[in-house]
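Single-structure report; data block below.
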Amino acid sequence: MMEEEELEFVEELEAVLQLTPEVQLAIEQVFPSQDPLDQADFNAVEYINTLFPTEQSLANIDDVVNKIRLKIRRLDDNIRTVVRGQTNVGQDGRQALEEAQKAIQQLFGKIKDIKDKAEKSEQMVKEITRDIKQLDHAKRHLTTSITTLNHLHMLAGGVDSLEAMTRRRQYGEVANLLQGVMNVLEHFHKYMGIPQIRQLSERVKAAQTELGQQILADFEEAFPSQGTKRPGGPSNVLRDACLVANILDPRIKQEIIKKFIKQHLSEYLVLFQENQDVAWLDKIDRRYAWVKRQLVDYEEKYGRMFPREWCMTERISVEFCHVTRTELSKIMRARAKEIEVKLLLFAIQRTTNFEGFLAKRFSGCTLTDGTLKKLESPPPSTNPFLEDETTPEMEELALEKGELEQPKKPKAPDNPFHGIVSKCFEPHLYVYIESQDKNLSELIDRFVADFKAQGPPKPNTDEGGAVLPSCADLFVYYKKCMVQCSQLSTGEPMIALTTIFQKYLREYAWKILSGNLPKTSSSSGGLTISSLLKEKEGSEVARFTLEELCLICSILSTAEYCLATTQQLEEKLKEKVDVSLTERINLTGEMDTFSTVISSSIQLLVQDLDAACDPALIAMSKMPWQNVEHVGDQSPYVTSVILHIKQNVPIIRDNLASTRKYFTQFCIKFANSFIPKFITHLFKCKPISMVGAEQLLLDTHSLKMVLLDLPSIGSQVVRKAPASYTKIVVKGMTRAEMILKVVMAPHEPLVVFVDNYIKLLTDCNSETFQKILDMKGLKRSEQSSMLELLRQRLPAPPSGTEGSSTLSLIAPTPEQESSRIRKLEKLIKKRL
C-alpha cells in the first residue's frame, strides 16, 4: 500500500510540474542549461543508462549516489533561501506604494501653486498693457485723421485748380493734376455719405465731363468732318489734350481716334469710288501706294501729336484695310463677269504682299479688343511637303531627286493681318478652281500624248525601273496650286481644290498608268476560240517583250511613288485647311486606286512568267513515266522552266530595285501560282513506274532549289530570301515530294501503305489519295478497298467541323475547277 501511495504521489507531482511549451521555452531562454536533469523531456531510465553504460561501471555507484545527494541538498538550500526571501516582499511593496502616493500629493500641491501665481501674473500684465492699447488706438486714429484732412485739403484745392485750368484750356497742367485728383478721390469712397465729400466728387465728375466735351470740340474745330482740306499741322494744345483723354473715359479716346481716322481717309473714299477707273482690280497697286504715302504724311505731321501707345499708324492702316475690303467686295459683286484668273491672282498677290508689309511694320495689337493674340509657333513637322519658300524650279528639282521624303523646316506662323483684305476675294475663287480644273485636264491630255509619242521607257537594268517623269510634273503642279490656294483661303476653296486633285489623281492612275499596261489574251476575255486554236497548233502563248516588262516595272514604280506622295499630299492639305474642315479631306480612295495599279502590275508579271512555264509543265504531264528505265539528270522540262525563270526574274528584279518590297510580293505570288499548278500537272503524270517516280522526285527537288534561290537568281550579290517566301516554297514543294514518296512506296500491305500516306501528307483526304492511286496505275477494283481502309484509318474530325466538311464536298476545289475547264476546252477542240 505504501508503494502504491508513493506512486500516486509521484504521478500527481509530475502532473503539477508539467509546464506548457511556452513557459518551458521562456525558462530555457532565461536559464539556458545543458544538464539532462533540466530538460523538459527528462527520462530517468535513459539518464541511468548514460551514467552506467556497462556492468563494470556499477563499481562507482556509491560515488554517483553521493554526488546526486549533494546536488539535492544544494537545490533544497537554494529553494529554502528563495522562499525565505519572498516572505517580506508584500510588506516592502505596500510601503513603497504609500511613499509614491505621498509624493504625488505633494506634486499636485506644487502645480496648483504655480497655476495660481500664473493667473495673478496674467491679470497684472493686462492691467499694465490696457493703457498702452488705448494710447496705440489714439495714435492710429490721430494719424488717419491728419492724413484724411491732408487729402481733403488736396482734393478741395485740386478741384478748384482743375476747374480754373479747364476754362483756360491748360491741358498740359490738367493732365498731371487730374490724375492726382482722381487718385486722392479714391481714398474718400467710404466717406461718400458726408455731403461735403459727395459734393467734391460730383464737381470732379462734372470737370471730367466738361473736359471731354471741350476736347472733342477742339478736335472737331481742328479737323472738321466737312471739307477736304485739313489744317497745316497739329498744335501743342491738341497734343496735351490727348494726354488728358488718356485719363478720361475711354469712350472720349475712341471718339477722337474714330473722327481723326475717318477724316484722314475721306480723300481715299473719293479717289477710289466704285465708278472710278483706279478702283478696278488691275490698278489695285494704287490703293496700297496711296495708303503708304498717307502713313508717311501722318508720321511727319501728326506723329508727335498722339501718344505712342495709341498706335495711330496701325489704326489708320487697319481701318484702311476694312474700308478697302468692303469697297472691293462691292465692285467685284457688280463686275463679277469681268473677273479673270490672271487678274484675280494679280490682285490677290498684291494684297497678300501688302498684308505682309503690315505684318513686318506693326504688331497687330489693335486688331481684337486692343490686345494681340500671341501666335504660337507650330511644333516641328515631319511632313515631307513642308519646306521653305522656294522657286518652282527648285521644287521640281527636289521632286526629281527624291528629296520629297526629307523633313523640312516648319513655315513661319501666319501674320495677324492675313486675310484682313484678301478675305474679300474668297467668294470669287471659284474662277481660280475652274481654271485649275481646266489646266489639269489639259496637263493629263498632254501626258497621254507625250507617252504615245515617246513610247515606253527604255530598258534600264542598272539603276532600276524609272518613275515616269509626268508623275513628278503632276505633283509639282499640285503643290504649286495648294500653296497658292492656301494663301488665298483656307476654307471651302481648299476643299474644292482637293476634289479637283482627287479627280485627276484617278485620271492619272487610269489613263497614264493602268491604261498603258500591256494587254494579255487571258486578261481580255478568258477562253477564246483563237487561243484554243493556237494551243491546238502547239504554239506558245504570247509573252511580253523586254520593253513591255520594263514598262510594267516602270508603271509599278510610278504607282508606288504616287501612293506615297498622295499620302503626303493628304497630310499637307490637312495642315493648310481650317481645323474644322480637316475631316473632309480624305484621299484614301485615290491611294487605293494606285494600290490597285500596283497589284495589277505584279499580277501581269506573274502571269507572264507563269504562262512561260506552262508548256514545260504540259510536257511533263505528257511524258511516258512508266517507261523510264533509269534515273538521270534533271528532265528537259525542268531545264525549260529554269531557263524562263533566269530570263525574266533578273530583268524584273533590276527594274524593281527601288521598290524591293514589291519584288518580294512578285516572288510570293509566283510561288503561290506555280506550285499548285505544278502539283496539278504532277497528278496528270500517270501511270508512273518506280524509276519514273524517282526521276520526278529528283526534278521536284531541282525545282525546289531554284524556287528557293528565285529572289537572287542571276545576281552577283547573293541575298537571303525573305522568310515568308521561303516558308511558302518549302511548304508547297515538300507536299509535292511527299506525294511522290507515297507513289514510290509499295501498296502492299494495304494498312502500311495507308498509314504511310496519312503520315506523309498532313492534309490527306480521299480525293488526293485516289489521284495517287491513279498515278500508281491501280485499277478501280483495287482502289475501292484501299479507299474504304483510308476512311477507317483517318482520324475522326473534331465536333463542329461537319458543316465545313459538307461545304468542302459541295464547293469545288481549285483542282476540280481546273479539271472542268480542261474538259470544256477538249470538248470545244473536238467540235472545232
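The values are calculated or read from the model by the stated rules, or taken from the named source; none is laboratory data. Computed from a predicted structure; not experimentally measured. Please note: Cβ atoms are built from the backbone with ideal geometry, for glycine as well, and neighbour counts cover all protein chains shown. Accessible surface is based on the protein model in full, side chains and every heavy atom, while ligands, DNA and RNA are left aside. Shrake-Rupley method; radii C 1.70, N 1.55, O 1.52, S 1.80 Å.
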Looking only at residues in region 747-790 that are among the small types (Gly, Ala, Ser) and free of Cβ contacts under 8 Å to residues at least 24 places away in the same chain, which one is surrounded by the most Cβ atoms within 10 Å (Cβ to Cβ)? Ser784
Test: residue in region 464-471 that is in a helix (DSSP H, G or I), closer than 30 Å to Tyr288 by Cα and either among the hydroxyl-bearing types (Ser, Thr, Tyr) or at pLDDT 90 or above (or both): no
In region 299-337, which residue that is closer than 14 Å to His264 by Cβ and free of Cβ contacts under 8 Å to residues at least 12 places away in the same chain is farthest from the chain's Cα centre (by Cα)? Glu300
Please determine whether any residue of region 577-586 is open to solvent by 40 Å² or more (accessible area, probe 1.4 Å), touching a Leu at 6+ places or on another chain (Cβ under 7 Å) and small (Gly, Ala, Ser). no
Where Ala289 falls short, out of the listed (1) open to solvent by less than 10 Å² (accessible area, probe 1.4 Å); (2) at pLDDT 85 or above: (1)
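Matching residues to (1) closer than 30 Å to Ile197 by Cβ; (2) acidic (Asp, Glu); (3) within 60 Å of the chain's Cα centre (by Cα):
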| residue | (1), (2), (3) |
| --- | --- |
| Gln105 | no, no, no |
| Phe108 | no, no, no |
| Asp113 | no, yes, no |
| Thr129 | no, no, no |
| His137 | yes, no, no |
| His153 | yes, no, no |
| Gly157 | yes, no, no |
Note: among Leu397, Leu404, Leu440, just one is crowded, with 20+ Cβ neighbours inside 10 Å, modelled with pLDDT under 80 and assigned to a helix (DSSP H, G or I), namely Leu404
Answer residue from region 248-280, given it is assigned to a loop (DSSP other than H, G, I, E, B) and either aromatic (Phe, Trp, Tyr) or in contact with an Asp or Glu (Cβ under 9 Å, 6 or more places away or on another chain) (or both) and is farthest from Ser329 (Cα to Cα) among those: Leu265
Flagged in region 297-321 as assigned to a helix (DSSP H, G or I) and open to solvent by 70 Å² or more (accessible area, probe 1.4 Å), in numbering order, are Glu299, Glu300, Lys301, Arg308, Glu309, Glu319
In this structure, does Leu563 turn out to be among the aliphatic types (A, V, I, L, M), modelled with pLDDT of 90 or more and either in contact with a Pro (Cβ under 9 Å, 6 or more places away or on another chain) or not in a loop (DSSP other than H, G, I, E, B) (or both)? yes
Failed criterion for Asn655 (all others in (1) in contact with a Cys (Cβ under 8 Å, 6 or more places away or on another chain); (2) under 17 Å from Ser702 (Cβ atoms) hold): (2)
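Results for (1) modelled with pLDDT under 75; (2) acidic (Asp, Glu), shown as yes or no for each residue.
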position: Gln199; (1), (2): no, no
position: Ser225; (1), (2): yes, no
position: Gly233; (1), (2): yes, no
position: Asp240; (1), (2): yes, yes
position: Asn246; (1), (2): yes, no
position: Gln254; (1), (2): no, no
position: Val270; (1), (2): no, no
position: Gln276; (1), (2): no, no
position: Leu281; (1), (2): no, no
Under the condition of being touching a residue at least 12 places away in the same chain (Cβ under 8 Å) and basic (Lys, Arg), which residue from region 718-746 is farthest from Asp654 (Cα to Cα)? Lys741
Looking only at residues in region 28-70 that are β-branched (Val, Ile, Thr) and part of a helix (DSSP H, G or I), which one is nearest to the chain's Cα centre (by Cα)? Val30
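Yes or no: region 506-514 includes at least one residue that is open to solvent by 10 Å² or more (accessible area, probe 1.4 Å), at pLDDT 85 or above and small (Gly, Ala, Ser).
Yes, that holds for at least one residue.
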For the list (1) surrounded by fewer than 20 Cβ atoms within 10 Å (Cβ to Cβ); (2) modelled with pLDDT under 50; (3) part of a helix (DSSP H, G or I), I need the number of the one condition that Glu426 fails. (2)
